[in-house]
């Protein structure tokens, strides 16, 4: 027997009868009479119950449809039966086993709110946690800050990874300041504060993957579409975002990626040296360098991408973005690449960026394509 919890609301019944070569769909607000089956006009005020009843060989399965109508499905391999709305309600309330929910789901905190990533313990360490978390010392406590839009239907969500060369985090213009833009589009924002590697290259990646897992786990509570959780990153945060997009297990692979002036490759000639040093150390193996050169890790499961940068970027060479775009193209993955004439590196959502308005319009248009 199956049952799904329904929130407190006034629910209409819609009945679907399924028998051998016989399926009927009946709106519970209209009388129905066929083969001695009759459904009278009735409504039911649900009280957050789980309802599931098995009557001999008749099994009724209750759940919510997309139109928020309660569905009851009878699998009937016996003779036709006669049922009236009154008798049905009487049976439901007095004869059927009803398992009532003992407590309602926890209310969603007022947005924005912050959640620690690893409440049950860290999966790995950068050796700094024992010193006590202190943002001033770049010893960040891994957490997410969630900004939810005002929307009735399940929203897209984007996990935001600020940059900082894997040594610091630009939490404002590459993180929190993006929330109003996305929220106004009906998109939830999950700003990630991740730990620095400090000798353990697995640390930032594990924090980013956990942020996606947590977002998906809370999708129903936060009114988020779990299949539309993407990731965004700027500079070294773009490297982290593209690492998740190319390395994360299937269940945590983001639905889309947004990359601003990203570090992509780890080869010495084209990478951002500071990011490479802080992530992989002074003498990484050839295998490690290749593994974290994300233009070499794109495959058919890599998600669609929006990439934006400036032609005169001297912090992270534009070839990083171009190589990643071409790798996506080779796999027939939808990708958009925008290279602005000027702006340098690190503009984020700052209005001082000359092409700020154009960039936001192009990002908005791209988000509307899926």
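When each of 193, 137 is tested for being within 20 Å of residue 122 (Cα to Cα), surrounded by fewer than 18 Cβ atoms within 10 Å (Cβ to Cβ) and over 14 Å from the mean Cα position of the chain (by Cα), the lone residue that passes is 137.
Residue 282 falls short on exactly one of the conditions (1) touching a strand residue (DSSP E or B) at 6+ places or on another chain (Cβ under 7 Å); (2) over 24 Å from residue 341 (Cα atoms), and that condition is (1). Checked against the criteria, residue 204 does not count as surrounded by 14 or more Cβ atoms within 10 Å (Cβ to Cβ), farther than 20 Å from residue 262 by Cα and in contact with a strand residue (DSSP E or B) (Cβ under 9 Å, 6 or more places away or on another chain). Looking at 186, 164, just one residue is touching a strand residue (DSSP E or B) at 6+ places or on another chain (Cβ under 8 Å) and in a loop (DSSP other than H, G, I, E, B), and that residue is 186. Of all the listed residues (151, 145), the sole one being in contact (Cβ under 8 Å) with a residue 24 or more places away in the chain, under 22 Å from residue 256 (Cα atoms), in the same structural domain as residue 276 (by TED's automatic domain parsing) and out of contact with any strand residue (DSSP E or B) (no Cβ under 7 Å at 6 or more places or on another chain) is 151. Does residue 226 meet the test of being under 22 Å from the mean Cα position of the chain (by Cα), at pLDDT 95 or above and part of a strand (DSSP E or B)? Taking the combined requirement at face value, the residue satisfies it. Here residue 180 does not fit the description of being modelled with pLDDT of 95 or more and in a loop (DSSP other than H, G, I, E, B).
Before we move on, is residue 313 part of a loop (DSSP other than H, G, I, E, B), surrounded by fewer than 20 Cβ atoms within 10 Å (Cβ to Cβ) and modelled with pLDDT of 95 or more?
Working: part of a loop (DSSP other than H, G, I, E, B): yes; surrounded by fewer than 20 Cβ atoms within 10 Å (Cβ to Cβ): no; modelled with pLDDT of 95 or more: yes.
No, not satisfied.
Only one of the listed residues (104, 120) is part of a loop (DSSP other than H, G, I, E, B), exposed (fewer than 12 other Cβ atoms within 10 Å of the Cβ) and modelled with pLDDT under 55. That residue is 104. Can you tell me which residue is surrounded by the most Cβ atoms within 10 Å (Cβ to Cβ) among those in the range 316-345 that are part of a loop (DSSP other than H, G, I, E, B) and within 26 Å of the chain's Cα centre (by Cα)? Ranking the qualifying residues of the range 316-345, first place goes to 333.
The values are calculated or read from the model by the stated rules, or taken from the named source; none is laboratory data. Computed from a predicted structure; not experimentally measured. Quick reminder, even Gly has a Cβ in these numbers, built from the backbone with ideal geometry, and neighbours come from all protein chains shown.
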